[in-house]
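Notes to accompany the following structure.
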Amino acid sequence: MVDERILEIKNYIGGDFIDSPRGDFLGVFEPATGRQFASAPLSDASDVDIAVEAARTAQPSWGALGIRERADWLERIADALEERHEEVASLESRDTGKPISLARSVDATRSVSNFRFFAEMLRSQDQEVFEMADASNFVVNKPVGVGALITPWNLPLYLLSWKIAPAIGMGNSVVCKPSELTPMTADLLMRVFDEIGLPEGVVNLVHGDGIGAGSPLVSHPGVDFVSFTGGTSTGGKVAASAAPSFKKLSLELGGKNSSIVFSDCDMQSAVSGVARAGFLNQGQVCLCGSRILVEGSIYGEFRERFVRHVEQMKVGDPSNEGTELGALISRDHLEKVLGYVELAKEEGGKILTGGSRCSPDGFEGGNWMLPTVIEGVGADSRCATEEIFGPLVTLHSFESEEEALGIANNTRYGLAGSVWTGDLERGRSFSEKMETGMVWVNSWLHRDLRAPFGGVKDSGVGREGGRWSLGFFSEAMNVCVKRD
Ligand code: NDP
């Protein structure tokens, strides 16, 4: 029997769960069925004011705690979240349409490890001192103050925890604004904070849309820094409204990433690795490799094996263990991705597989699309250079490293890439010439949380991850003590 109750979630401000006083709500829909299953407050600037005030009130005493005490809080959060592993996974799968196996292995697992990782990092911070002949320079890492954390819908809790853990770990308080499309696990995390008694006001959360809640949060005079993950055009607006008050800013934006397959690769692992890079989370990961460049001498064989592999991927009920591709996030997004299929045809593309909606049994109202492989569009066509953010990849062939590099670097984006070759030295030197923030050789999305994460060009400003996160979420002050 289907549970038709509509779950009602609230804002979390100053340690209380509260509705927006105006009583306006957003519907929250299951991507797999198209049915509404929850509602969230449609907050506005007045709700943001209260949340920022709560964060400002909480920050001084939270920031005054020792770094080890704050690390202990992160550890407690990780423990409590870990106990809810299955609840997190099933709620995230329901809210985003992603397969349950992915929600378990990535979203539920990684949000716990984000808190644990930063707890460990905080504990291992040493006092940095630069000695001179007659003086010592002591580096003090102070909190920045109150932060706005704004996150997208594709990896809701994963990305929120990636920001909250280092932000509060460094002594800041925050106001979060999750995507209106996927607010559910953010609410679950607030319930975890409430349950373990995290001091009130350290983390606040305002639901709502980008214009009504996100925009006033970013421009709020009581906000000192903004960590934003989302699309490039929204990132531009966020940067413009944060700039007049010189807010510290980190922008993790869109990508159009290349997977480059050389003829000396291990064909089998390249086929499955490139398919994973293209279609994980229905292609809705900023790092997804949606332009696949294959050396001419193996192009025919790779294409054949790749298309066969993609055709065997299981699309369907997100709650089934064996499902590999779930539903797209929304009807609008599905239409946008399908629009690129039409554009590809106009640009001379040939659909090798997919290219249309699908409708798994029992999920007729959802946002479903077959994984799609297209060849024949130019490497500089719109399909091959614009971020589509769906289960659609284009194939291109190249004849030399120079040509491959030219194609890979010929987009406005510069987030990530992967290189597939049997020659690790070549893989490394080729990668270093790519205009991106991250490249994997013979793998993709193999993450070490200590490593820098972020993009160049229109893919973002700044880096997060490991010490880069701790650096962004703090202000380094130097105290120079001169000896007699
Ligand atoms: P959006 O840019 O549409 O939204 C991101 C967040 O910003 C949402 O919470 C949104 O709210 C909010 N927002 C929208 N307008 C404003 C505004 N004017 N001021 C402040 N906040 C605003 O991105 P999507 O949610 O569609 O996410 C997909 C994008 O995110 C892709 O481009 C993807 O590449 C990128 N991304 C980048 C990553 C990276 O690390 N580089 C990682 C993951 C995704 P609402 O949803 O309610 O409108």
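All of the numbers you see were taken from the coordinates with simple rules; none came from a lab. All of these numbers come straight from a predicted model, not from anything done at the bench. Neighbour counts run over all protein chains shown; Cβ positions are idealised from the backbone, glycine included.
Some points to look at:
- Filter on LYS177/LYS248; LYS98/LYS457; LYS177/LYS247; LYS10/LYS177 - keep pairs with C-alpha separation over 20 Å: LYS98/LYS457
- Relative contact order (%) - criterion: Cα under 8 Å, at least six apart; region: the chain: 18
- Net +/- balance of residues flanking SER241 in space, Cβ distance below 15 Å, scoring K and R +1, D and E -1: +3
- Value of Rg/Rh across the chain [Cα atoms, Kirkwood radius]: 0.99
- Percent of beta bridges antiparallel (DSSP, the chain, rounded to nearest 5): 45
- Estimated [θ] at 222 nm from DSSP helical runs (n ≥ 4, -39500 (n - 2.57)) normalised by residues in the chain, nearest 500: -11500 deg cm²/dmol
- Computed on region 72-178, with alpha-carbon pairs under 8 angstrom and 6+ residues apart, the relative contact order is 27 percent.
- For the pair VAL140 and GLU364, label points projected 7 Å from Cα toward Cβ lie 6.8 nm apart.
- Partners of LYS345 within straight-line reach, counting lysines whose Cα lies under 20 Å from its Cα and excluding those fewer than 8 residues away in the same chain: LYS256, LYS336.
- Local electrostatic count, ARG357, Cβ distance below 15 Å [Lys/Arg +1, Asp/Glu -1]: -3
- Listed peptides 238-246, 338-346 appear in the order 338-346, 238-246 once ranked by packing, highest mean of other Cβ atoms within 10 Å at the front.
- Euclidean distance of C-alpha centroids, region 172-188 and region 39-78, integer Å: 12
- With a Förster radius of 25 Å applied to the beta-carbon distance between SER233 and GLN36, the computed FRET efficiency rounds to 0.35.
- Backbone geometry of region 106-122 corresponds, through the Karplus equation with coefficients 6.51, -1.76 and 1.60 at θ = phi - 60°, to 3J(HN,Hα) couplings of 9, 5, 5, 6, 5, 5, 5, 5, 4, 5, 5, 4, 6, 4, 4, 4, 4 Hz, x marking Gly and Pro.
- Note on ARG428 and ASP72: with the Förster distance fixed at 41 Å, the Cβ-Cβ geometry gives a FRET efficiency of about 0.55.
- Axis angle, to the nearest 10 degrees, between helix 85-96 and the longest C-alpha principal axis of the chain: 60 degrees.
- Relative contact order (percent, whole number), region 306-446, Cα cutoff 8 Å, 6+ residue spacing: 16
- Rounded FRET efficiency, nearest 0.05, which uses the C-beta distance separating ARG357 from ALA451 and R0 of 35 Å: 0.40
- Between SER263 and GLU304, the contour length at 0.36 nm per residue exceeds the Cα-Cα span by 13.3 nm.
- In this label model, GLU321 and ARG191 are separated by 2.6 nm, measuring between points 7 Å along each Cα→Cβ vector.
- Inter-probe distance in nm under a simple model that places probes 7 Å from Cα toward Cβ, at ILE18 and GLU401: 6.1
- Placing unit charges on the Cβ atoms only, positive for Lys and Arg and negative for Asp and Glu, gives the chain a dipole magnitude near 540 debye about its Cα centre.
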